[in-house]
Amino acid sequence: MPVFDFNNTSKAPAAEKPKYTLSFQNNHTADSTHPIMILEDRAGSLMHHVSGFFRNPSKGNAFVCDGDNQDYNVLVIDARFEHLLRWLGENHITVLLSCTPSSEGFAVYKIEETGVVVRGSKLSGENGFLQFMIGRLLQSDAPAAGAQDTADIEDADDMKITSIQSITDYITCAGSTLPENIRLWARRNLAVAKSSEVTPEERRHAQRALSIMLNIQWKNTHFEPINPVEAKRILDEELYGLDSVKQRIIETIIQINRTHTLPAYGILLIGPAGTGKSQLAYAVARILKMAWCPLEMSSINDPEQLTGSSRIYANAKPGLIMEAFANAESSNLLFVINELDKASSGKGNGNPADVLLTLLDNLGFTDNYIECKIPTAGIYTIATANDKSAISAPLLSRFAIIELPDYSDEEKRVIFTDFAMPRVLERIGMRRDEINISDGALDVIMKSYQQISGIRDLEQIAEHMAANALYRIETEGVSCVTYDAENTAELLSN
């Protein structure tokens, strides 16, 4: 039985008749218990699969069945799909509905395009736009009860949100599931993209900006709880040891379990080179189940690389931050800011660190090319650095600072034998029984790298030893190569 919340409903605008009820829900899938809409079917004549089209809203909200040419009124509709229903009706796009009977009527849980258009020219519905739109709406939040979108925008054409027609369709169908400022921005830019009173360059930039923004899924900021045991397993999978560091990371993000929002502070991992800071950062992205994007501050020396360039330039383009949103196609995104201690090295055109402050404050970010404030409540940041003293106090204050100690000799020994060497052997296609490393050889390795911080060099020596063993197996015809203290010292000296 459908579980529409009839206590959380409102009537459709008075201009539409007959009136239907809006249901405000946030289920991310549609099925027989969480349908897209409910149709009236007093005679019980609707079948499980039925083809037809929706009437133009000005003539009443109803579905016209191909089989009997009868009208079946829309009784209830998920508020996220109200504009899509209107668009289907205005364009008379033939669709196939999947329905199931319920006590209220027939619950529609799937709408599929058939490629047939009753009137007019080719529409977006023929090329996958409808299924794309339904998927986007299911992932959106229900609009606020009573929110109405009265803009009168045109019809459609062509799939993928790049053409003017598909952009127009998207804005029409998405309605108030888009953030209000983005919806208003999109209408203004659509007017520019269609205008004959501006230059072709201005129209091109407006259309490109619209395509970027509308291909982003503007998600809600409700985050599911994390399992601390699973989080620890993921961190252990990435790095051996550092138990206190891993616990501190989990403590920082576990507030999600109570607030269902991201922590107010990002995480700054500080430690010697090669201690696994970047690996931990990517592991946190896995724990939070978020798309992630790296920002390499060592290669960013101009704030415009982050903020984009103004559309007044012919070669204008969005900045790295906006490109990250576009590539992820999601407004929920984790930024891994590598080498934060190099973020203050601007070359006369401003300081990239100042741009990061704007991003970290979660008050919205504006790209110079897009010219619209992007909601940043779904952004989380994890930064890495070697030198804490090189980071400005304002930047440090935006992070929970976690310092990574160097590994002990015993930890390095375990990492070499249980992690680095097995990983290298798997990568180059060798078996464990083809190489034997004695305790004396391990002592030589540990002594050679005792004064070197981090574990990156350990994997390099594992690579060197495995490659040497493989060479000897292939050229000498031996089945196993053994390394003792003497030949290991000789190998390391070469």
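Working carefully through the options ILE321, ILE300, find the one that is assigned by TED's automatic domain parsing to the domain that holds LEU262, of a type in the set (Val, Ile, Thr) and within 14 Å of the chain's Cα centre (by Cα).
ILE321
Under the condition of being surrounded by fewer than 19 Cβ atoms within 10 Å (Cβ to Cβ) and of a type in the set (Ser, Thr, Tyr), which residue from segment 265-290 is farthest from LEU235 (Cα to Cα)?
TYR265
Which residue, of ARG258, ARG248, ARG204, ARG233, is of a type in the set (D, E, K, R), assigned to a helix (DSSP H, G or I), under 30 Å from ASP169 (Cβ atoms) and not assigned by TED's automatic domain parsing to the domain that holds ILE415?
Step by step, each of ARG258, ARG248, ARG204, ARG233 is checked, and only ARG204 is of a type in the set (D, E, K, R), assigned to a helix (DSSP H, G or I), under 30 Å from ASP169 (Cβ atoms) and not assigned by TED's automatic domain parsing to the domain that holds ILE415.
What number goes with the only condition from (1) at pLDDT 80 or above; (2) closer than 27 Å to TYR170 by Cβ that SER58 does not pass?
Tallying (1) at pLDDT 80 or above; (2) closer than 27 Å to TYR170 by Cβ, SER58 fails exactly one: (1).
Within segment 363-404, work out how many residues are exposed (fewer than 14 other Cβ atoms within 10 Å of the Cβ) and in a helix (DSSP H, G or I).
Total meeting the criteria: 3.
Hey, CYS293 hits all of (1) assigned to a helix (DSSP H, G or I); (2) surrounded by 14 or more Cβ atoms within 10 Å (Cβ to Cβ) but one; which does it fall short on?
With respect to (1) assigned to a helix (DSSP H, G or I); (2) surrounded by 14 or more Cβ atoms within 10 Å (Cβ to Cβ), CYS293 is out only on (1).
Which residues, taken from segment 272-325, are under 20 Å from GLN247 (Cβ atoms) and of a type in the set (S, T, N, Q)?
Once the filter is applied, which keeps residues that are under 20 Å from GLN247 (Cβ atoms) and of a type in the set (S, T, N, Q), segment 272-325 yields THR275, SER278, GLN279.
Can you pull out the residues in segment 305-317 that are in a loop (DSSP other than H, G, I, E, B) and surrounded by fewer than 21 Cβ atoms within 10 Å (Cβ to Cβ)?
Across segment 305-317, the qualifying residues are SER309, SER310, ARG311, ILE312, TYR313, ALA314, ASN315, ALA316, LYS317.
Please work out which one of (1) buried (at least 18 other Cβ atoms within 10 Å of the Cβ); (2) closer than 30 Å to SER140 by Cβ is the condition ALA343 fails and give its number.
(2)
Could you say whether any residue in segment 461-470 is at pLDDT below 90, hydrophobic (A, V, I, L, M, F, W, C), touching a Ser or Thr at 6+ places or on another chain (Cβ under 7 Å) and crowded, with 20+ Cβ neighbours inside 10 Å?
No; the residues of segment 461-470 include none that is at pLDDT below 90, hydrophobic (A, V, I, L, M, F, W, C), touching a Ser or Thr at 6+ places or on another chain (Cβ under 7 Å) and crowded, with 20+ Cβ neighbours inside 10 Å.
Only one of (1) crowded, with 18+ Cβ neighbours inside 10 Å; (2) over 22 Å from PRO375 (Cα atoms) fails for LEU262. Which number is that?
(2)
Answer yes or no as to whether THR488 is without any contact (Cβ under 8 Å) to a residue 24 or more places away in the chain and more than 40 Å from the chain's Cα centre (by Cα).
no
Quick check on segment 264-277. Is at least one of its residues in a helix (DSSP H, G or I), under 15 Å from ILE337 (Cα atoms) and in contact (Cβ under 8 Å) with a residue 24 or more places away in the chain?
We begin by selecting, within segment 264-277, every residue in a helix (DSSP H, G or I); these are 277.
Cutting the leftovers down to under 15 Å from ILE337 (Cα atoms) gives us 277.
Narrowing further to those that are in contact (Cβ under 8 Å) with a residue 24 or more places away in the chain: 277.
Within segment 264-277 (the criterion being in a helix (DSSP H, G or I), under 15 Å from ILE337 (Cα atoms) and in contact (Cβ under 8 Å) with a residue 24 or more places away in the chain), the answer is yes, since at least one residue qualifies.
crowded, with 17+ Cβ neighbours inside 10 Å and either among the aromatic types (Phe, Trp, Tyr) or closer than 28 Å to ILE250 by Cα (or both) - does that describe any residue in segment 473-485? Talk me through it step by step, then tell me what you get.
Step one: list which residues in segment 473-485 are crowded, with 17+ Cβ neighbours inside 10 Å, which gives 481, 483.
Filter once more, keeping what is either among the aromatic types (Phe, Trp, Tyr) or closer than 28 Å to ILE250 by Cα (or both): 483.
Yes: segment 473-485 contains one or more residues that are crowded, with 17+ Cβ neighbours inside 10 Å and either among the aromatic types (Phe, Trp, Tyr) or closer than 28 Å to ILE250 by Cα (or both).
Hey, any hits in segment 445-457 for a residue that's of a type outside the set (Phe, Trp, Tyr), free of Cβ contacts under 8 Å to residues at least 60 places away in the same chain and surrounded by 17 or more Cβ atoms within 10 Å (Cβ to Cβ)?
Yes: one or more hits.
Looking at TYR407, is it under 26 Å from ILE250 (Cα atoms), in a loop (DSSP other than H, G, I, E, B) and in contact (Cβ under 8 Å) with a residue 24 or more places away in the chain?
Yes, satisfied.
The values are calculated or read from the model by the stated rules, or taken from the named source; none is laboratory data. The structure displayed is predicted, hence computed values, not measured ones. Methodologically, a virtual Cβ is constructed for each residue, glycine included, from the backbone with ideal geometry; neighbour enumeration extends over all protein chains shown.
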